[in-house]
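Reviewing the structure listed below.
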Amino acid sequence: MTAAPFENLPARVPAPDTDVSFEERGLANRNSGLPLELLRHDITPAGAHYLLTHFDMPHLPGDSFRLRIGGAVRTPLDLSLADLLERPQVDMPVTLECAGNGRAGHDPRHRSMPWLYEAVGTALWTGTPLAPLLAEAGAAADVQDWAFFGADEGFDDGVRHFFGRSLTPAEVAAAQPLLVTGMNGAPLLPQHGAPLRLIVPGWYGMASVKWLNRIEALTERFDGFQQVHTYRYRQDRESAGTPVTTLRVKSLMVPPGLPDWYSRRRWLEAGPVTVEGRAWTGPGRRITGVRLTDGSTSIEADLSAPVGSHAWLHWRAVWDARPGRYQLRCIARDDSGAEQPLTPPADVAGFGNNAAQSVDVQVAPHEV
Ligand SMILES: Nc1nc2c(c(=O)[nH]1)N[C@H]1C(S)=C(S)[C@@H](COP(=O)(O)O)O[C@H]1N2
Ligand SMILES: [Mo]
């Protein structure tokens, strides 16, 4: 590790309260979330898809762009954007969620991007399958990992690095990642990784490296910062932890009724209310039910078919709203038997928080 190049950085110790720091507000302004009412769309409008960018977004003009595939391969490849566009193209709806989504629901809270619920979206990604290209490069027999690097560079914990992640050959074979140049039928936007990004269906967002310009075959496991120092589930700060990989079962609702501007508390009139939302889970698993509860009664939601094999489904339930104040919660379960917990799973960095959403709703007897 290189020596920390900064002095007196603010400590990223757990915050004992729910107030966010000045630095966290800066992160929140750079990294926008999905306005939950747009959960109504099967495919999230590109401008409303959440964003998470660690460093600065690099500017990579398409005409001079190259993707280099090297390391322990038989045939190193050096590809232009045109080369990639000539390859077979696939359109795939994929639900992407940031592993830190829900972090602000933890107490104490790790100081980082303070997401509530909104770091999720489903885009229609267009790209060419990764695996055939890696096969063309030809991994040496002893390759253990493929490392994927973005063109964006910066520091974290004093360590200078390009954003980089890896997948083992077995993970590549199972996940069927795409090398993506298009989003929702248009060229990839700069903030989503233009001109080229990886999409790893079914994995938390960090695996889907943006501004991808280098792939390396490694004969040992990748030890990059974003692989071994962060994106680990840890019960305490000292432990090595276990890697964050695929999505946990989760659901969200469109908050019903009218919002209060500041508190986001909801107001609605008594009577039947259709509550709708989305649910998703990890690869190879299937959502089997979503339950909507107001604290005393529970309703099983009607489920639509998933938008794709790696994308969320739509659900709806009719709630009989009676005067009073409620915490509405939706709780999804999948065919592995997993169900969303009511409280955040313990994790020091707030990763993988799939605790059921809670929406504060006030039901009035009469119109105001
Ligand atoms: N090069 C690069 N790739 C990256 C990141 C990044 O900061 N740099 N952030 C990752 C994380 S943590 C997430 S959640 C997703 C977010 O993708 P989006 O901004 O297109 O929604 O990109 C991933 N890929
Ligand atoms: Mo993320």
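The values are calculated or read from the model by the stated rules, or taken from the named source; none is laboratory data. Worth saying up front: this structure is predicted, and the values here are computed from it rather than measured. For neighbour counting, all protein chains shown are included, and Cβ atoms are generated from backbone atoms with ideal geometry for every residue, glycine included.
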>> Being over 21 Å from MET92 (Cα atoms) and not assigned by TED's automatic domain parsing to the domain that holds VAL120 is true for just one of PRO169, PRO259. Which residue is that?
In response: PRO259
>> Checking TYR204 against (1) more than 14 Å from ligand 1 (Cβ to nearest atom); (2) in contact with a strand residue (DSSP E or B) (Cβ under 8 Å, 6 or more places away or on another chain); (3) of a type outside the set (S, T, N, Q): exactly one of these is not met. Which one?
In response: (1)
> Can you find a residue in region 54-67 that is closer than 19 Å to ALA311 by Cβ and within 16 Å of ligand 2 (Cβ to nearest atom)?
Replying inline: no
>> When the residues of region 21-32 are narrowed to those that are within 22 Å of PRO190 (Cα to Cα) and exposed (fewer than 14 other Cβ atoms within 10 Å of the Cβ), which ends up nearest to the chain's Cα centre (by Cα)?
In response: ASN29
>> Report every pair of residues separated by at least 6 positions or lying on different chains whose Cβ atoms are under 8 Å apart, first residue within region 254-265 and closer than 17 Å to ALA364 by Cα, second polar (S, T, N, Q).
In response: PRO256/THR274; ARG265/GLN362
> Is it the case that some residue within region 176-186 is within 16 Å of ligand 2 (Cβ to nearest atom), farther than 25 Å from ASP78 by Cβ and assigned by TED's automatic domain parsing to the domain that holds LEU96?
Replying inline: no
> Out of all the residues in region 33-71, which are surrounded by fewer than 18 Cβ atoms within 10 Å (Cβ to Cβ), more than 12 Å from ligand 1 (Cβ to nearest atom) and either on the phi > 0 side of the Ramachandran plot or not in a helix (DSSP H, G or I) (or both)?
Replying inline: PRO35, HIS41, ASP42, ILE43, PRO45, HIS59, PRO61, ARG66, ARG68, GLY70
> Does region 72-87 contain any residue that is within 13 Å of ligand 2 (Cβ to nearest atom) and either assigned to a strand (DSSP E or B) or not small (Gly, Ala, Ser) (or both)?
Replying inline: no
>> Checking the conditions here, which among GLY224, GLY193 is without any contact (Cβ under 8 Å) to a residue 60 or more places away in the chain, assigned by TED's automatic domain parsing to the domain that holds LEU52, over 30 Å from ARG291 (Cα atoms) and buried (at least 17 other Cβ atoms within 10 Å of the Cβ)?
In response: GLY193
> Is it the case that region 246-267 has a residue that's part of a loop (DSSP other than H, G, I, E, B), within 16 Å of ligand 2 (Cβ to nearest atom), surrounded by 19 or more Cβ atoms within 10 Å (Cβ to Cβ) and within 18 Å of the chain's Cα centre (by Cα)?
Replying inline: yes
> Of these, ARG109, ARG103, which one is within 13 Å of ligand 2 (Cβ to nearest atom) and in contact with a strand residue (DSSP E or B) (Cβ under 7 Å, 6 or more places away or on another chain)?
Replying inline: ARG103
>> Looking at region 148-160 only, could you name the residues that are over 23 Å from LEU124 (Cβ atoms) and within 16 Å of ligand 2 (Cβ to nearest atom)?
In response: ASP152, GLY154, ASP156
> Could you count how many residues in region 319-332 are surrounded by 15 or more Cβ atoms within 10 Å (Cβ to Cβ) and either part of a loop (DSSP other than H, G, I, E, B) or more than 28 Å from the chain's Cα centre (by Cα) (or both)?
Replying inline: 3
>> Please go through region 1-26 and give me each residue that is among the aromatic types (Phe, Trp, Tyr) and either closer than 16 Å to PRO108 by Cβ or modelled with pLDDT under 85 (or both), ordered by number.
In response: PHE6
>> Let me confirm something: among PHE148, PHE155, which residue is modelled with pLDDT of 95 or more, outside any loop (DSSP other than H, G, I, E, B) and surrounded by 21 or more Cβ atoms within 10 Å (Cβ to Cβ)?
In response: PHE148
> Does region 124-147 include one or more residues that are within 16 Å of ligand 2 (Cβ to nearest atom) and not aromatic (Phe, Trp, Tyr)?
Replying inline: no
>> Taking the conditions exactly as written (out of contact with any His (no Cβ under 8 Å at 6 or more places or on another chain) and under 20 Å from ASP63 (Cα atoms)), does ALA173 satisfy them or not?
In response: no
